Each structure stands twice: as C-alpha cells, then as structure tokens.
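See structure below.
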Amino acid sequence: MPFPDIRFCRLCGAPTAPTIPAMEDRERAVCTECGYVDYVNPINVVGTIPVWHGEADGPRILLCLRNIEPRRGFWTLPAGFLEYGETAADGAARETREEAGAHIELEGLFSVLDVVHAGQIHLFYRARLLDLDLAPGPETIENRLVSIDEIPWDELAFLTVRRALEAWVADHERGSFEVHTGVVTRSPSAN
C-alpha cells in the first residue's frame, strides 16, 4: 500500500505540502496555511479466535463467511477496525458480537501481526464461547463451528487469519498458549 497522498488539511481545508517537520526524519503532509502536521499511522484491526469447548471430541473454532469485500465469500475470524474510544480488548469483543452474534469471554491477547504493506496491525485475542446462540450480522453470510481438522485452510480470507489459526492449533496441540508476534508480508502472487 503506498503512503496516502494527503492533499488538503483536515483542520482548515487548505492545501498541504510534503515537508519534513522540525525534529522529524521523514516527510509528512503539512498544511501550507495553519501548519497542521498530518501524521498517518497504522490502523488497528482487532478480533478473536472464539472457541467452543462443549464437544467430547475436541474444541470447535467459530469462523465467519464474509459478506463484504475484500474477500467476500471467504472464511475469517470475527475481526474489524478498532474504534476511537475503546480498548483493543473491547473492540475485539464488539467485533465478535457484531459479526457473529457470539457471547464470549476473552482469555487474553494471542497474536500481534504487523501488516506493513497495508498500514495495519492485527491483534487477535483468545476467546471462549459462552453459548451457541449465534446470530451473524450483516457483514457475515454464515457462522460455522469447525474442528481443527475441518479448518478450511484454502478458503481463508486473509494471511493474518491463517497465521493466527496456525499458531492457535500449534499451541492447542502443545497444551499451552503464548502470545505470538510477527510480520505478514504480501505474497508474490498478490495484486
């Protein structure tokens, strides 16, 4: 993702100019009238890995079939953009309610993935489903509980979802969970 081309000041509407402000090391969009410096920072995407532990043959992970672009018709974990005024944990719980209609209890931060090319940071929390009273929201075509063997690896919407699920499966099989960090880069075949 190229750096955003900010042409007008968000405060006064005057044109901006690419300038390196005093005490800084890179160009920023600086207003030519009021001097406002427009800092463009990564966007936080927050979500959960919701798990149902009520089956004798093992846990079930809640996936959502996307009803919106990008990647409509592919499976994902419930996640979305963090809103101003909420914590990352609150945002992850909200996104899980909005996209899956799921009632959860957060069990801690699980993965932090930098997606530099998209200007995003993806944070996933482990979550325990409290019941199976699920109601997909408008951004979700359907919800599905899947066993580890049923995860549709080739039909996942995003590489961050794949990386989070791979880490969850490995930790589950090991019997202990830790926080995972990493950088997700665009695949050579991506547009």
Check your understanding: Does segment 84-105 include one or more residues that are touching a Lys or Arg at 6+ places or on another chain (Cβ under 9 Å), part of a strand (DSSP E or B), modelled with pLDDT of 95 or more and more than 16 Å from residue 53 (Cβ to Cβ)?
Key -> no
**Study point:** Number of the exception - residue 181 against (1) over 22 Å from residue 55 (Cβ atoms); (2) polar (S, T, N, Q); (3) in contact with a helix residue (DSSP H, G or I) (Cβ under 6 Å, 6 or more places away or on another chain)
**Key:** (3)
Review point. If you scan segment 54-71, which residues turn out to be out of contact with any strand residue (DSSP E or B) (no Cβ under 7 Å at 6 or more places or on another chain) and either of a type outside the set (Lys, Arg) or outside the structural domain of residue 92 (by TED's automatic domain parsing) (or both)?
Key: 54, 55, 56, 57, 58, 68, 69, 70
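Evaluate segment 117-130: report whether one residue or more is in a helix (DSSP H, G or I) and out of contact with any Phe, Trp or Tyr (no Cβ under 6 Å at 6 or more places or on another chain). Walk me through how you get there before you give the answer.
Our first condition is that a residue be in a helix (DSSP H, G or I); within segment 117-130, this holds for 117-118.
Add one more test, that the residue is out of contact with any Phe, Trp or Tyr (no Cβ under 6 Å at 6 or more places or on another chain), and what stays is 117-118.
The answer is yes; a qualifying residue exists.
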Check your understanding: Applying the selection to segment 2-33, what residues are in a loop (DSSP other than H, G, I, E, B), free of Cβ contacts under 8 Å to residues at least 24 places away in the same chain and basic (Lys, Arg)?
Key -> 7, 26
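Look at residue 127 and say whether it is free of Cβ contacts under 8 Å to residues at least 60 places away in the same chain and closer than 13 Å to residue 49 by Cβ.
Values: free of Cβ contacts under 8 Å to residues at least 60 places away in the same chain: no; closer than 13 Å to residue 49 by Cβ: yes.
For residue 127, the condition - free of Cβ contacts under 8 Å to residues at least 60 places away in the same chain and closer than 13 Å to residue 49 by Cβ - is not met.
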Exercise for review: Return yes or no: is residue 56 part of a loop (DSSP other than H, G, I, E, B) and surrounded by 15 or more Cβ atoms within 10 Å (Cβ to Cβ)?
Suggested key: no
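The values are calculated or read from the model by the stated rules, or taken from the named source; none is laboratory data. The shown structure was predicted, so the numbers you read here are calculated from the model rather than taken from an experiment. Methodologically, a virtual Cβ is constructed for each residue, glycine included, from the backbone with ideal geometry; neighbour enumeration extends over all protein chains shown.
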